[in-house]
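This report refers to the structure that appears directly beneath it.
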Amino acid sequence: MNRIRHVLIALDATTSGRGALDVLALLMREAQADVVGLFVEDEAVARLASLPVAREVRLSSLPHEDARPMSGADVDTAWQQQAAQLRHVFDQRLTALQLRHSFEVRRGEPVRLIVEAAQTTELVIVERCVRAGVRFWAALHELAEQTTLPVLFVNEPWATGHNILLIGDGDDAATDAALLAAEFAARDRLPLLHVHSTPPPPTLRPQRWLPAAQRADAESLLALTRDANPRLLVLPRACFPDLAKLLPTLLRRLECSLLIV
Amino acid sequence: MHRRLAADEVFRRCDPAGFEFTDTRALEPLLELPGHARATEALRFGARIRSRGYNLYALGSSRVDMHDVVQRVMGAEAAARVEPQDCCYVNRFRGGSRPRAITLPTGEGIRFRNDLDGFAGEIGPMLTGFVQEQDFRTRSQALTDALQNAQRQALEGLQERAHGMGLTMLQTPQGFAFAPMHEGKVMEREAFEALPGEQREAIGHNIDAMNAELIEALQEFPARHQEMLRAQKVLLREAAAQQVNVALRPLRKRYQAYPDVLAFLDDIEHDVTDNVEAIMELSAEGAQQNGQMRERFYSRYRVNLIVDNTGATGDPVVYESNPTVDNLTGRVEHRSEMGNLVTDFSLIRAGALHRANGGYLLLDAERLFQRPFAWEALKRALLDERIQIESVSHQLSIGFTVTLDPDPVPLRLKVILLGSRLLYYLLCDADPDFALLFKIAADFEDTLDRSDGAELTYARLLTTLSRREELLPLDRTAVARVIEHGSRLVADQDKLILHTRTITDLLIQADHLAREATAPLIEAAHVEAAVAGQVRRLDRVRGEVHERIIDGIVRVETSGAVIGQVNGLAVLGIGDFSFGQPARITATVRAGRGEVIDIEREAKLGGNIHSKAMMIVASFIGSRFGAMAALSLNASLVFEQSYGGIEGDSATLAEVAALLSALAALPVRQSLAITGSMDQRGQAQAIGGVNEKIEGFHDICQARGLTGDQGVVIPSANARHLMLRADVRAAVAAGQFAIHCVDTIDDALALLLGTDAGSVDADGGYPADSVNGRALASIRRFAAFAREQRDGLARKEKE
């Protein structure tokens, strides 16, 4: 992926960084690029911590403890520790990859922070982990709306599924989405499944296809991904005018990673 | 009467001119060794009886020949039948220490192994593939989705309820928290503090309530997750059972005639179902680096084919040259894992009993008895009719490793022990099981009768052996010389040795000499030189012994005459070489109580047979003179300058001659030596080693100079055993050395003492000048002396 020279990796206190760094290592092997690590401290959490009624349910304390009082100092300390740990992992991996890199810690509204930091980049990678059986950071769907950059939501762990699934018409083959999808497939040595909106010729059946009308239906998309079991689902913005409506559901329920181009 | 033998009587020549061939190239080799018809018949008889206990013992003195004949006969019998079975061990999953033994018809074993190799290689990918199929994934995903939906709905429900209370749920660095909202954002502290106290308190209560609900919801998540995992496990097991059943269906059909195989396949089905998670884990992409671990796991479904008779054209004929317990009954090997010795069914190794099962097993009896516990293990297998792999170390309680107790394998074979006659007789006498298990004896001949036809057969035998060893052909003079040497080796003019190893060694050495001389054929001279070389390499001791005699260190007279002293002849054996040694036997007589004292026995140097011979001497003297006079004498006999044990009865004639010489006061000719056994009536009897004895005395006489008066006295029965050396034959032909045959002790006395022994006359006595007459006179003198002694003593007691 020689044409991408600047990458932003967005992390927060719930992430380990492993998934995002695995994907980066896959894409930037033998490449020259600048990578910025952004550790986001959600200002909403800081604001809550300043309130006298702030209580926190710690997952590590379950099932023996009730919610405990929450203070700004506790939150700051937890963020600092997590940021230091992620910075260390980040430095180690990127040094090994011989990529120029920097690591920043910023506090604010997450989407706004990421959009601001991504202004000079060509790809945004956001890592999302599972907590208590539920994948969080679903609120980041706004990110895909507020930037035209490719945004890659990486699930941790990355290496699940058996293919790269691109949903888009044949005309899209020359687009960035198709190129990126092909790049992922080649680098990860996985087959690339291209799902069109028109039925394939009989000679290619039983190839999958998804009518254009169903692209606006999140359940149809989820059923298709369950069927195809991809490692990465690639959705070109051009083919999904209602993407903003789909994303909240997709980010909550999709089992694979998602690339919006 | 004695008879002096002519030169042509002391050796049976083989005339090369009697052969129609010029060399062995013109002869056809033999297809089988001659002279073993009796043993061959016994072997065939034993081989064809299928009943229990009809194992065989081949007894003889040539192991090589026995081995050849037994291999040939058993090979022919085995070729007539094809009943061997393949044998394998497989895992017994729920009784891991007792691997299951399975026997299959020939050729089925390797097919079974290949089938299970295929299964072991395919089951992982097959299950993985099935799990990845849409139907299974949909069912499995449905379980996951159900859980995630439930969890998501629970949390989203909480979020909705929170929104209804003006709260929102946030992710914190370590968990979750509910925050009060104001204008779409988390409330600022200032705004919160500006709220009335009741409102702040209400927000606090709401947050506490939501936290309590959140905790309750989160506490249910692990249990739900476990339930989902259990459901997925059940789903996976059902799928595995279905798939393995499908995979095993063709195998069950193919092996439906073999219950053991079917039981094993049932075991596999259960094991795959029980271990499906492990199989999936090993088959996962990420586990590719664990190839060794995966291979070890799947080896549980493989087959350890320990006996494969594929391609066998008959029953197996197996020779085990090292019959240890392990090599007979098989063994369980171990491998080192993390410093521990471990084992499993795949490390079971076959023994000779497994390989020979259904056929014939050949064992060297002596070697069998030299291996600890081997005889007991063999007997147990034959008596129980099954092969049980046993560890000697565990039998002795000195094993410290985990081992196995494999299923026994049914045994049906014939064992042929090859051993000596002595061992056979010992076993018959000492081990009752032996007679029960080895009912057939195949007794091998050591010699072949030497007729004209046999000489031609022998020539063909030489042809066979020389071609087998890729030696030069023999011309007919060499054949004749080997035949003569063959008679010499068995010391019988009418026999030929049958030990092919001995003959082959001679041929190899003659071939070497012929090739050194660049001769195209082996000739008589090469054979002669080879025989001489064999003797020369071994005769150092003989040279030393003879040198001491010639130097006078050991006294042996070869001229003159001495009373009570006779030249006896002994044979010393050193390894494969034996030679004759003259020895002085002397006798003394004195007044006594009629005892013949054997000094060798008194000194505990005499063997049992020698002692028996001395009793025969005493009995003979008693029977010859006891009716005519009281035997009031004691006689002593000794082998002079003998410092080792004396055994045998071949000096009986010499001892009687020495004793009668002493009694009759008649000197014995020292130019003669005598050998021969004797019965109580004075009849001469044959002895062994006659050629070596004669040659031994001849060598001493020759060293001192042959006078024409010298010679050896032998029993007439030994005349046919004479195959004397060429130089001795030459001396006999020149009249310089004589071989005298005698039938009785009286014949020998006439020769040795130069006086007729004398026969009982009409008066019941012997002629006064005869040996017996003079001896009787001496005995009467001793009796009179003894009587006088007794009378004098009686008078003294009266006085």
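The values are calculated or read from the model by the stated rules, or taken from the named source; none is laboratory data. Treat the numbers as computed from the prediction; the structure is a model and nothing was measured. Backbone-built Cβ (ideal geometry, glycine too); neighbour counts: all protein chains shown.
Some values worked out for this structure:
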{"quantity": "Positions within region B:246-259 being surrounded by fewer than 16 Cβ atoms within 10 Å (Cβ to Cβ) and either touching a residue at least 24 places away in the same chain (Cβ under 8 Å) or not in a helix (DSSP H, G or I) (or both), in sequence order", "calculated": "B:Arg254, B:Gln256, B:Ala257"}
{"quantity": "Output for region A:237-261, where each listed residue is among the polar types (S, T, N, Q) and surrounded by fewer than 19 Cβ atoms within 10 Å (Cβ to Cβ)", "calculated": "A:Thr249"}
{"quantity": "Candidate set: region B:353-372, residues that are in a loop (DSSP other than H, G, I, E, B) and of a type outside the set (D, E, K, R); chosen: the one farthest from the chain's Cα centre (by Cα)", "calculated": "B:Gly358"}
{"quantity": "Which listed residue, of B:Arg593, B:Arg515, B:Arg548, is more than 37 Å from the chain's Cα centre (by Cα), over 19 Å from B:Gly644 (Cβ atoms) and of a type in the set (D, E, K, R)", "calculated": "B:Arg593"}
{"quantity": "Strands (runs of 3 or more DSSP E) enclosed by region B:645-755 - at least 1 residues per element that are of a type outside the set (S, T, N, Q) and touching a Phe, Trp or Tyr at 6+ places or on another chain (Cβ under 7 Å)", "calculated": "B:672-674, B:711-715"}
{"quantity": "Qualifying position, being within 30 Å of B:Arg249 (Cβ to Cβ), surrounded by 15 or more Cβ atoms within 10 Å (Cβ to Cβ) and hydroxyl-bearing (Ser, Thr, Tyr), among B:Thr128, B:Thr144", "calculated": "B:Thr128"}
{"quantity": "Filtered residue count, region A:57-73, keeping only those that are within 28 Å of the chain's Cα centre (by Cα) and either of a type in the set (Val, Ile, Thr) or modelled with pLDDT of 90 or more (or both)", "calculated": "1"}
{"quantity": "Output for region A:19-78, where each listed residue is touching a strand residue (DSSP E or B) at 6+ places or on another chain (Cβ under 8 Å), over 23 Å from B:Ala209 (Cα atoms) and within 10 Å of chain B (Cβ to nearest Cβ)", "calculated": "A:Glu41, A:Asp42, A:Glu43"}
{"quantity": "Subset tally (residues that are part of a loop (DSSP other than H, G, I, E, B) and surrounded by 14 or more Cβ atoms within 10 Å (Cβ to Cβ)) for region B:373-396", "calculated": "5"}
{"quantity": "Complete set of residues in region B:43-98 that are among the polar types (S, T, N, Q), at pLDDT below 90 and farther than 30 Å from B:Cys428 by Cβ", "calculated": "B:Gln85, B:Ser97"}
{"quantity": "Single condition B:Tyr643 does not satisfy, out of (1) modelled with pLDDT under 90; (2) over 48 Å from the mean Cα position of the chain (by Cα); (3) surrounded by fewer than 19 Cβ atoms within 10 Å (Cβ to Cβ)", "calculated": "(2)"}
{"quantity": "Any hit, region B:414-434, residues being assigned to a helix (DSSP H, G or I), farther than 30 Å from B:Pro16 by Cβ, touching a residue at least 24 places away in the same chain (Cβ under 8 Å) and among the basic types (Lys, Arg)", "calculated": "yes"}
{"quantity": "So B:Leu506, is it under 32 Å from the mean Cα position of the chain (by Cα), closer than 21 Å to B:Glu20 by Cα and hydrophobic (A, V, I, L, M, F, W, C)", "calculated": "no"}
{"quantity": "Qualifying residue in region B:457-479 (condition: buried (at least 18 other Cβ atoms within 10 Å of the Cβ), under 30 Å from B:Leu422 (Cβ atoms) and of a type in the set (Gly, Ala, Ser))", "calculated": "no"}
{"quantity": "Scan of region B:143-166 for residues that are within 9 Å of chain A (Cβ to nearest Cβ) and more than 17 Å from B:Gln219 (Cα to Cα), ordered by number", "calculated": "B:Thr144, B:Asp145"}
{"quantity": "Residue check for B:Ser716: modelled with pLDDT of 95 or more and touching a strand residue (DSSP E or B) at 6+ places or on another chain (Cβ under 9 Å)", "calculated": "yes"}
{"quantity": "First in region B:196-225 and farther than 17 Å from B:Arg152 by Cβ, second anywhere and acidic (Asp, Glu) and assigned to a helix (DSSP H, G or I), Cβ under 9 Å, 6 or more apart", "calculated": "B:Arg200/B:Glu193"}
{"quantity": "Of all residues in region A:227-236 being under 13 Å from A:Thr160 (Cβ atoms) and in contact with a Ser or Thr (Cβ under 8 Å, 6 or more places away or on another chain), the one that is surrounded by the fewest Cβ atoms within 10 Å (Cβ to Cβ)", "calculated": "A:Arg231"}
{"quantity": "Considering residues of region B:167-201 that are crowded, with 16+ Cβ neighbours inside 10 Å and more than 9 Å from chain A (Cβ to nearest Cβ) only, the residue nearest to A:Asp42 (Cα to Cα)", "calculated": "B:Met169"}
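Each row is one residue, and each column tells you yes or no for (1) more than 14 Å from every other protein chain (Cβ to nearest Cβ); (2) closer than 24 Å to B:Pro408 by Cβ; (3) assigned to a loop (DSSP other than H, G, I, E, B); (4) over 28 Å from the mean Cα position of the chain (by Cα).
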site	(1), (2), (3), (4)
B:Phe264	yes, yes, no, yes
B:Val272	yes, no, no, yes
B:Ile279	yes, no, no, yes
B:Arg294	yes, no, no, yes
B:Ser299	yes, yes, no, yes
B:Leu305	yes, yes, no, no
B:Asn309	yes, yes, yes, no
B:Thr313	yes, no, yes, no
